[in-house]
Amino acid sequence: MSLPTTARLHYRSRFRLFSNTDQPVPWGDVARDVRFWIGKRVERNTAYTGGSWFFKGGQWSPPGGRGVLVETRRYIGAGDDKSPEYWAVRFEHPCDDVTHRQWCTEVGLAKQDDGSIEVAVANYHWLLPSYIGPEPDAPPPSSPGLVITLLNHDKWSGRLGSILLSPNPHALQVGDLAMLRDALIDPQRECPLVVIRSDRFLGRPLLDPQTLARVLAGIAVVYEGQSEELDAEFEFILPREYRCTSGMIRVYLPGLNVDAPWDSRRHRFFIPTDIKSLGPQVVQELIVDGLARRFASSTAPSVGSIDDVDDIERRAQLQQLLQSAKAGDKDQAFLDYCDSEVKRLSERVDALEKERDRANEQVNTLDNQLRTEQYLRSEMERQARAAVKDQELTEALKQLVANRGLPMTSLSEVVEAIATMFPHRIVITEQARDSAARAGFNELEDEIPTAFRMLWHLATTMHDLVFQKDGRSGQIGDEFRSRTNGLDIAMAEGKMTNRDKTAKDLRTIKFEGVELDISPHLKHGNDQDTCLRIHFASHRRSDDDGVIVVGHCGDHLLSAGTRKARKR
């Protein structure tokens, strides 16, 4: 029984197992690993584990069926009864997560002249014909546990072309890129290589290398490079078009030619902004979809399914009959073979016609669903347009507040309002709240809206400049003044103040375990008793969110200038 036409490919790989000794890979051990892997998913009993049917060819379903089927085929060919040349198994079972989804895993083994064994593995899934309803979510990327088992074995090693396979990522250290370059340009390489670099701000990759290595097991090899110093080595080892810099993920396909810069686009890459905007899960699915489902290696597997074994056996039988016919032996066997082939092909045509009819029914169902989705989409677009208008009104209100302030009577009210309005953009420390409560600026009630305007632009304009533009401090200060119609700002203190230990300590705070320099400050007024100084620092959190941290909001902090003024 062939797969239904609606079956979707989930995973596909082909690799070879080479013995770790001078003996051929033991075929029986590989086949037993396959049987054990299937046995973990079925109700094991003596009918499944007993006898030799699994190795010699047969079919088994547990009592009651419930959608589980194990079927095997073999063709002895150049092998023997205990170690055939070709063998395959098909394992069907219901999905654990979606009731109406069926899974099928096909495994093919083919002995090679050099003593290795070629392994082909493919995963498919489909919805049962009786199911009518919304399309369930696609299953997340995964590789069969069998592949992990085979690649982690102590008796053999898995290879794809010239590359040694592993379900775990390889660490790239400084000095390793020459080795990587040799692997990239190796004409015998059939295996894609995926390089993941750590983000320089987070100190870790934006996508988990271990997870990606496991879902790509048997398909690609993953390398993880953490050191920023690898950037300089990439510049020395590879042309600019083929580099993988900090924070990037790059997929190097076989056939790489470093002398052909126009071919670099074929080796897909994701820069940090791509990964952050799409999300690590989406990027991982894109990589897996391209390599596990669409990427085709240069050589097709010798045997990938029980249908392939049947085809090999039929071709061998036909070849034998043709040779007999040439020798003059025109017996009934040839006619019987032709009759069986006509019957088999007729049954296949009937099955395909039934599949076509079921597919047409699904098309009609999906067409009705599409019409419903189109209506819902148009309604959502109408609501979105209305929301845009509401947003425009809100922005106008915000701008009015930014320009004129609100009727507040103290600095404490101002900092509480700003902290409430922008919880993900600005943090007002307890130290800053205390300084606001004690500030002489509170005596200038008419100036309170100015304080609100200063903190508002700190949470909005300054946040955007620091975490979106990523400019240098001098440029940020000038741009801030320009965008805020001249709010006064200093991005650093003078040399004399920086040399004063007491003054320097006042401008250093601890926040979330990190020491921050709050020398940058907004300023208003010059009177020592009533002026306002808002000292702040930018802080990038581990989840890549950035906040402005206010460490002081009140009177003028001690500086070299104020120290001299007090002495006088």
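The values are calculated or read from the model by the stated rules, or taken from the named source; none is laboratory data. Keep in mind that what you see is a predicted model, and the values were worked out from it rather than measured. Positions of Cβ are backbone-derived with ideal geometry, glycine not excepted, and every protein chain shown enters the neighbour counts. For the accessible areas, the whole protein counts, side chains as well, though only heavy atoms, and no ligand, DNA or RNA atoms are used. Shrake-Rupley method; radii C 1.70, N 1.55, O 1.52, S 1.80 Å.
Solvent-accessible area per residue in segment 1-60 equals 52 Å², computed with a 1.4 angstrom probe and all protein chains kept. I'd like the carbon and sulfur percentage of the solvent accessible area for segment 186-328, probe radius 1.4 Å, heavy atoms only, ligands and nucleic acids excluded. C and S fraction of accessible area: 49 percent. Please say if segment 493-555 is rounded, prolate or oblate, where rounded means a/c under 1.5 for a ≥ b ≥ c the square roots of the C-alpha gyration tensor eigenvalues, and otherwise the choice is prolate for a/b larger than b/c and oblate otherwise? Oblate.
For segment 89-184, carbon and sulfur atoms together expose 49% of the accessible surface, with a 1.4 angstrom probe and every protein chain in place. Annotation: amide H-H contacts under 5 Å for residue 172 (H modelled 1.01 Å from N, sequence separation of 5 or more, or interchain): 224, 225, 226. What a 1.4 Å probe finds exposed on segment 1-50 is 50% carbon and sulfur by accessible area, rounded to a whole percent. For a test of the definition: using alpha carbon positions, the gyration tensor, and the 1.5 limit on a/c, classify segment 117-214 as rounded, prolate or oblate. Oblate shape, in that a/c is at least 1.5 and b/c is the bigger or equal ratio. Residues in segment 545-554 carry Karplus couplings, in order, of 7, x, 10, 8, 9, 8, x, 7, 8, x Hz; the curve used is 6.51 cos²θ - 1.76 cosθ + 1.60 with θ = phi - 60°, and Gly or Pro positions show x. Taking segment 1-42 and a reference point 7 angstrom along Cα→Cβ of residue 211, the backbone N atoms nearer than 19 Å belong to 11. For residue 276 and residue 229, the difference between the fully extended length at 0.36 nm per residue and the C-alpha to C-alpha distance is 14.6 nm. Couplings 3J(HN,Hα) for segment 496-510, derived from phi with the Karplus relation 6.51 cos²θ - 1.76 cosθ + 1.60 (θ = phi - 60°), are 5, 5, 5, 7, 7, 4, 4, 5, 5, 5, 5, 9, 10, 10, 9 Hz, where x marks Gly and Pro.
Structure note, pairs 56/155; 276/523; 276/495; 276/501; 111/343; 82/343: Cα-Cα distances above 29 angstrom occur for 276/523; 276/495; 276/501; 111/343; 82/343. Mind giving me the FRET efficiency for residue 443 and residue 475? R0 is 41 Å, r the Cβ-Cβ distance, nearest 0.05 is fine. In this case the efficiency is close to 0.70. Take the Cα of residue 21, step 7 Å toward its Cβ, do the same at residue 148, and the gap between the two points is 2.8 nm.
Per residue, segment 228-318 exposes an accessible area of 52 Å² to a 1.4 Å probe, with every protein chain left in place. Backbone geometry of segment 308-323 corresponds, through the Karplus equation with coefficients 6.51, -1.76 and 1.60 at θ = phi - 60°, to 3J(HN,Hα) couplings of 5, 5, 4, 5, 4, 5, 5, 5, 5, 5, 5, 4, 5, 5, 5, 5 Hz, x marking Gly and Pro.
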